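Chemist: The structure follows.
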Amino acid sequence: MIDAVLTRKNTAVKTKITVKSLVSVGIIAAAVVLPQIVHSILGVAGGAQWLPMYLPVLIGGCLLGKEWGIIVGALSPVVSFAFTSLFGNPMPVAERLPYMVAELAVFAFVSGAFSKLIIKNKWFAFPAVISAQIAGRGLFIAAAAVAQNFGGLQLSVVLAQVKTGLAALAIQAVIVPVIVIALREVMIRDGKND
């Protein structure tokens with residue numbers, strides 16, 4: 001979405017890269033801070049139940065497109081892990097990190113694939129988020145099914161985690177598109193005022 005708006009405004013390539021970089025940093029920061037807030041209020045179980053890192057990553061994919069989105073999705077859990085490791089309590093835990101990197105990269109890539117459609121028709125925000133959730137969670141389950149034979153997470157544990165987070169996914173399937181649609185309206189309005 002951001003790229004389409006900047007292109008309509010005939011923005012220079014360097015400025016586009018700067019804007020997308022700043023948005024990416026903001027999304028990654030939100031993906032680090034939001035889980036910390038949820039964990040401090042609801043404990044570790046709150047993170048598994050409400051999936052706070054997923055929300056900014058899904059928004060980032062819709063805003064940034066698939067190329068930038070995949071980078072933001074993959075980096076969010078890595079940055080969170082590195083930052084929280086400084087305080088002796090890494091989140092996500094090392095065992096879960098590779099799964100989250102892959103899952104969130106898929107979340108952002110798939111939602112980002114809808115970015116150009118969303119700018120044309122705001123209602124594409126809903127299938128963007130739902131498709132991303134299905135693809136990301138599907139990858140998580142498939143990766144666990146393969147990796148459990150090599151000492152990875154057990155499939156039964158992953159299925160329990162997926163079940164625990166279903167309510168959060170349902171809520172995010174509504175909240176994220178509403179946020180994306182609101183941001184789209186602001187960007188389109190600002191684009192017309194220039």
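Chemist: Too long at a 25 Å Cα-Cα cut-off: which of Lys116/Lys163; Lys122/Lys163; Lys20/Lys120; Lys120/Lys163; Lys66/Lys120?
Modeler: Violating the 25 Å Cα-Cα cut-off are Lys116/Lys163; Lys122/Lys163; Lys120/Lys163.
Chemist: Relative to the longest principal Cα axis of the chain, at what angle does helix 155-164 sit, 0 to 90 degrees, rounded to 10?
Modeler: Approximately 50 degrees, to the nearest ten.
Chemist: Determine the dipole magnitude for the chain: charges of +1 sit on the beta-carbon of Lys and Arg, -1 on that of Asp and Glu, nothing else is charged, the reference point is the Cα centre, and the result goes in debye to the nearest 20.
Modeler: Taking the Cα centre of the chain as origin, the dipole is about 580 debye.
Chemist: HN-Hα J couplings of the stretch 141-148 from phi, Karplus 6.51/-1.76/1.60, θ = phi - 60°, integer Hz, Gly and Pro as x?
Modeler: Values per residue, Gly and Pro as x: 5, 5, 5, 5, 4, 6, 6, 4 Hz.
Chemist: If I take every Cα pair under 8 Å that is 6 or more residues apart in the chain, average their sequence separation and divide by the length, what percent do I get for the relative contact order?
Modeler: Reported relative contact order: 24 percent.
Chemist: Another one. Test of understanding: extend the Cα→C-beta vector of Phe150 to 7 Å, then name every residue of the stretch 70-101 with backbone N under 13 Å from that spot.
Modeler: Those under the cut-off are 98-99.
Chemist: When the Kirkwood hydrodynamic radius is evaluated over all pairs of different C-alpha atoms of the stretch 49-194, what value in angstrom, to one decimal, is obtained?
Modeler: With all distinct Cα pairs of the stretch 49-194 included, I get 15.7 Å.
Chemist: Oh, and also: Sorted by average packing, counted as other Cβ atoms within 10 angstrom per residue and highest first, what order do 9-17, 90-98 take?
Modeler: 90-98, 9-17
Chemist: Same structure again: Could you tell me how far the Cα centroid of the stretch 47-61 sits from the Cα centroid of the stretch 101-117, in Å?
Modeler: Using only Cα atoms, the two centres lie 12 Å from each other.
Chemist: Enter the angle in degrees (range 0 to 90, nearest 10) between the Cα long axis of helix 166-193 and the first principal axis of the Cα atoms of the chain, meaning the one along which they spread out most.
Modeler: Approximately 20 degrees, to the nearest ten.
Chemist: HN-Hα J couplings of the stretch 81-92 from phi, Karplus 6.51/-1.76/1.60, θ = phi - 60°, integer Hz, Gly and Pro as x?
Modeler: 4, 5, 5, 6, 5, 4, 9, x, 9, x, 9, x
Chemist: Largest first, how would Trp123, Trp68 line up by accessible area (1.4 Å probe)?
Modeler: From most exposed to least exposed: Trp123, Trp68.
The values are calculated or read from the model by the stated rules, or taken from the named source; none is laboratory data. The shown structure was predicted, so the numbers you read here are calculated from the model rather than taken from an experiment. Neighbour counts are summed over all protein chains in view; Cβ atoms, including those assigned to glycine, are modelled from backbone coordinates with ideal geometry. For accessibility, only protein heavy atoms count, side chains too; no ligands or nucleic acids. Shrake-Rupley method; radii C 1.70, N 1.55, O 1.52, S 1.80 Å.
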